[in-house]
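For reference, the structure discussed in these notes is given below.
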Amino acid sequence: MAEEVKFSVVLPAYNVAQEIGQMLQCLLQQTYRNFEVIVVDDCATDDTAEVAQGYGAAFADGRIPYCVLRKPQNEGLSMARNTGMAQAKGEYILFLDADDTVEANLLETIGAALDGRDADMVIYGYTEDYYREQTLDYRVDKQPELYYFTEGLSQPRAQWQRPLLAAYPYIVWLEQQTMFGYAWNKAYRLEMLREQEICFEPVMHIEDILFNLKVAEHMTGMVSVPEELYHYANRGQARLTSRYLPEYFALQKTRIEAFYQMQMRKLQIVEQVASGDGGQSAEDSNRMPQEEIAIWRQQIYETMAGAYFRAFLSSIVRSIRHGDARKEILARGQAELGGELYLQLHDHLDAQGRVARILYRPLALGNLKSAYRRAKLIAWVQEHMAGLYVKWKQNR
């Protein structure tokens, strides 16, 4: 009987003919060999498909199942990933970006982390690699801590073993550190995705975090490993994070609301246990001291407030760079001051943070004219000192 496939690697590919070869070479060099590769050509207009097909013989020589699927029409990243997921046969699935690279021990490390552990999601570290004229300029490291969160853990055998509900305060920290919202630094148990009918929504900009929130809602176990196994490449290309999107702020508010609501549902479970309303015994693994619950709640508020006001200011910057009139921008800002998220979060901005104090505090205080002046300065720096701005963002 043929060995069941452990990992399915899905590579959505659109106009990455110059970069996809590096990722495919990384996969050929994997020290763990029980996996398959599914390249999804999203109707690329360059030689992406030809380059991908050219690797077929090399994967066949390594006895690694490999296929290139061509979609009949371009539908974007989410639908390309869903197409690959529908074809996948592995126990776990990874959604990697074709223009990035991974370490040769990526799958081996994930496999070791899962050995003897029941987890629906694995989170691993990564680097953000910033290039200037094809040369690596600098690198930002992102490392989670070593943890295994699982249901029914009454007596942890090690410090890094925790009950499942303890994963949710940790997810807040991961979100603060920009490690939760991506799909490419995670592996997912495919059976759970199919049982819960979890797929990527056809939206721009926030598809990854909405997917991860659905997984987090239903997971029965999560593993995080500190190794930096993925290398996210920023080569100065135009990205969704910097270009003008009329719906940018609305999308960000959808993201924030979804994260907030998921966290509050989990927090409510813990509060019920702590108060004795949940029907669990005092020894229940979900029990959490009241002071830890209070800290968790405050972290949710502060993290979401930071995300909200960062997006609020960014939307003003984008409007300025797009050429919108000052009067129009201020009018939109004034309308936002009466919105539900603003009213929920404006008292929770962490005033001790240097960036929050300088950039976001005027918005939290409702001082739109001051916020507009700061946004105008940021817009100028973005246009005239782009490299410095990116470095400042990464070290804020």
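We did not get these values from a lab; they are worked out from the coordinates using the rules stated. Note that the structure is a prediction, hence the values are computed from the model and not measured. All Cβ positions, glycine included, derive from the backbone under ideal geometry; neighbour counts span all protein chains shown.
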Expressed in nanometres to one decimal, the distance between label points 7 Å along Cα→Cβ at residue 15 and residue 73 is 1.9
With charges only on Cβ, +1 for K and R and -1 for D and E, what is the dipole size of the chain about its Cα centre, in debye, rounded to 20? 1820
Residues 314, 8, 275, sorted so that the one with the fewest Cβ neighbours within 10 Å comes first: 275, 314, 8
Can you give the extra length, in nm with one decimal, that the chain gains between residue 298 and residue 383 once fully stretched, where that is 0.36 nm per residue apart less the Cα-Cα distance? 27.0 nm
Want the number for residue 334 to residue 58: 0.36 nm per residue separation, take away the alpha-carbon distance, what's left? 93.5 nm
Dividing the mean separation of Cα pairs under 8 Å (6+ apart) by the residue count of the chain yields a relative contact order in percent of 15
Ranked output for segments 181-194, 357-370 by mean other Cβ atoms within 10 Å, highest leading, reads 181-194, 357-370
What is the distance in Å between the Cα centroid of segment 38-91 and that of segment 287-323? 37
Quick calc, segment 86-165, dipole around Cα centre from Cβ unit charges on Lys, Arg (+) and Asp, Glu (-), nearest 20 debye, gives 400
Could you tell me the relative contact order of segment 42-167? Use alpha-carbon pairs under 8 Å, at least six residues apart, and round to a whole percent. 13
Let me have the 222 nm mean residue ellipticity of the chain computed from DSSP H runs of 4+ only, each contributing -39500 (n - 2.57), with the sum over all residues rounded to the nearest 500. -14000 deg cm²/dmol
